[in-house]
Every structure is written in structure tokens, then in C-alpha cells.
Amino acid sequence: MRSEQEMYDLILHYANTHEDIRAVILNGSRANPKRIVDPFNDFDIVYLVHDLSVYKNKAIHHDFGELLIYQRTDISELFAENYPDFVCYLMQFKDGNRIDLTIADISHFHRYCYEDRLSVVLLDKDGVIGRLLQPDERSHYIQKPSERMFQECRTEFFWTAPYVAKGLWRNQLLYAQEHMEKCIRKMLLQMLFWYCGTLSGFDQSLGKCGDRMAALLPKRIWETYLRTYALCHKEDIWQALETACALFTEISKDTACALNFSIDDGYDTDIPAYLNYVKTLPCDAKTLDLSEVFDK
């Protein structure tokens, strides 16, 4: 595996031998002074140029080493995407190194230098970027929510839960699991981030997928969260859904209390009651009768 210094030498040599590349920026984990060094840290590199059109039609991925796999993510027929403001090569090399290379017009340098505080100038041929602040994780900190944002998170979570129940009643396990992972999980994770903020302060980053929560959450909360991941079996998904609802109720109430927000929507009792009704509904039911659930 090429060393970190060898990779930087390669990246800068390419820039120095190509007159049209005027500046080089390092973003991401390798710009983080608090990073835990491991062999899987990517090199998140930005080349800033005056004429982006050259690179829109120029293949450069073979210039950085023997490739295991690469892709251009600024253009995609599969995802029907076309981003005219940059070129992006994601390159995984056979020696284990990886470069995520973005090429952008130098007039957009603020986007790559200032919007992400994890930024380091590796090369500035014309001195146009100036001195950046010491890199830190500030742009990745937990964002303290407004009360409206908090309420919308609760609504989205509980709005989605009946979709999961519907899928399970129909034996549409993939439908149910899709809503668990793309909707329920997203809102539960967001609430957990805010909850962590109330416990330990909002001036911290929890990582892209929240792995740092393990060190901040009470052990019981963390282990409960892990139980919301289910195998694609009906009973497992039901259990994960019920666990997620109970956990979401607990942490959202504690978060609301810490942030001086109010909760008066009734979702914490009404939605689990609805879910339980669907769970026990006969598989040949033709209609719903919720009078015994809500007309008490």
C-alpha cells in the first residue's frame, strides 16, 4: 500500500505538472486533526481549474495508480444525473488507497474551502484562496433543532409507522423493511442525534451514520437502538417497529424537556394502539373497525 506521503506527492505532482490546475484542496477525514488514523481513510481531493470543460471530456482516472474500480458520479445514466458544475472521479486502487477526486471551477472555491470546515489548502498557485481557519468538525456538528423541526420529525416518524404495519399485514416484507430503513430509521437517528446533543452538547460530530453515539448514549438506549435492526422476517420487523416506537417516544420526550419544547400530538399512544390493531387484524379482513381502539 502506498504511504500517505506517497499519495500526497502523487496528487500534488499531477497538479503541478498540469498548468490548468490552479489549486488543490483536501477535505474530509484526512483534514480532521481529531481523526483516528486507519488504512481506509479516503483522500478527498478537489482540483480547482479555470476551464472545467476540458475535464468533462477527459479521462484521468488511470493517472493515479492501478484501479480496482472507479466511477464518474457527476454523470450517470443509471441515476439520471448530470452535474455540470463539477467532475467527480471515485477511484479505488488495488493497493487499498482510495481517492475521491472532484474537479471544479476555481470561481466556486468558497464551496470547497469554507462551507466545509474540514478543509486544508494543499496548493494555491495564484494565492487566490487565502489562509483558511484551522480545520475542525464545526460544519459537521449536531444542529440544534427549532421546535417546528422537532415536531416535524415526530410527525414524519409516526406517519411512516402505519406504512410498515400495512406492509406486514399484507405479507409485503420488502415494502415493510424499506419503510423501516429509509423512513423510520432516518427520523429515529435524527432524534437520537438531538438527544445526544442534549446530553453532551451540540458542539460535536457523531459521524456520518452515528457510530459515535455508542460512546455518548446510556448503554440501555444504545442497545435498544441496535434492536431496531431486523431480519426480513415478519415477527422480527414487528418487534423492531415496536421497539423503535417505544424508543422514539422515550428520547423525544426527554429531548423536548431538555429543549423546553412541548408535545401535545397524542402520537405516542394513538399510533402504537393503531399498530397493535393492525398486528392482530385477521388476514382476511375486508374493512377496519377502530371504534374500540379510539372511542373509549
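The values are calculated or read from the model by the stated rules, or taken from the named source; none is laboratory data. As the structure is a prediction and not an experimental result, all values here were calculated from the model. Neighbour counts are summed over all protein chains in view; Cβ atoms, including those assigned to glycine, are modelled from backbone coordinates with ideal geometry.
Just one of the numbered conditions (1) at pLDDT 95 or above; (2) crowded, with 16+ Cβ neighbours inside 10 Å; (3) in contact with a helix residue (DSSP H, G or I) (Cβ under 8 Å, 6 or more places away or on another chain) is not true of residue 190: (1). Restricted to the stretch 38-52, and to residues there that are surrounded by 13 or more Cβ atoms within 10 Å (Cβ to Cβ) and more than 22 Å from the chain's Cα centre (by Cα), the residue that is nearest to residue 93 (Cα to Cα) is 47.
Of the residues 95, 124, only one is over 22 Å from residue 72 (Cα atoms), in the same structural domain as residue 49 (by TED's automatic domain parsing) and at pLDDT 90 or above; which?
124 is the lone residue from the list that is over 22 Å from residue 72 (Cα atoms), in the same structural domain as residue 49 (by TED's automatic domain parsing) and at pLDDT 90 or above.
Among the residues of the stretch 52-70, write down those that are modelled with pLDDT of 90 or more and in contact with a strand residue (DSSP E or B) (Cβ under 8 Å, 6 or more places away or on another chain). Result: 52, 55, 64, 65, 66, 67, 68, 69, 70.
Would you please name the residue that is nearest to the chain's Cα centre (by Cα), looking only at residues in the stretch 228-245 that are free of Cβ contacts under 8 Å to residues at least 24 places away in the same chain and surrounded by 13 or more Cβ atoms within 10 Å (Cβ to Cβ)? If we take residues in the stretch 228-245 being free of Cβ contacts under 8 Å to residues at least 24 places away in the same chain and surrounded by 13 or more Cβ atoms within 10 Å (Cβ to Cβ), then 229 is nearest to the chain's Cα centre (by Cα). If you go through the stretch 74-109 and keep only what is under 22 Å from residue 25 (Cα atoms), of a type in the set (Gly, Ala, Ser) and not in a loop (DSSP other than H, G, I, E, B), you end up with 104, 107. Looking only at the stretch 132-154, filter to residues that are part of a loop (DSSP other than H, G, I, E, B) and either over 18 Å from residue 196 (Cβ atoms) or basic (Lys, Arg) (or both); which one of those is modelled with the highest pLDDT? My answer is 144. Can you name the residue in the stretch 194-217 that is of a type in the set (A, V, I, L, M) and out of contact with any Lys or Arg (no Cβ under 6 Å at 6 or more places or on another chain) and is also surrounded by the most Cβ atoms within 10 Å (Cβ to Cβ) among such residues? Restricting to residues being of a type in the set (A, V, I, L, M) and out of contact with any Lys or Arg (no Cβ under 6 Å at 6 or more places or on another chain), the top hit is 217. If you filter the stretch 266-296 down to residues that are outside any loop (DSSP other than H, G, I, E, B) and small (Gly, Ala, Ser), you find that the one that is surrounded by the most Cβ atoms within 10 Å (Cβ to Cβ) is 273.
So that you can scan it fast, the table gives a plain yes or no per residue for (1) surrounded by 13 or more Cβ atoms within 10 Å (Cβ to Cβ); (2) in the same structural domain as residue 208 (by TED's automatic domain parsing); (3) free of Cβ contacts under 8 Å to residues at least 40 places away in the same chain:
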position: 12; (1), (2), (3): yes, no, no
position: 36; (1), (2), (3): no, no, yes
position: 54; (1), (2), (3): yes, no, yes
position: 69; (1), (2), (3): no, no, yes
position: 84; (1), (2), (3): no, no, yes
position: 106; (1), (2), (3): yes, no, no
position: 109; (1), (2), (3): yes, no, no
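Among residues of the stretch 194-213 that are assigned to a loop (DSSP other than H, G, I, E, B), those with a Cβ under 7 angstrom from a residue that is of a type in the set (A, V, I, L, M), sequence gap 6+ or separate chain, pair up as 202/142; 204/142; 206/142; 206/213; 210/189; 210/192. Mind counting the residues in the stretch 247-261 that are surrounded by fewer than 16 Cβ atoms within 10 Å (Cβ to Cβ), free of Cβ contacts under 8 Å to residues at least 24 places away in the same chain and not charged (D, E, K, R)? Total meeting the criteria: 2.
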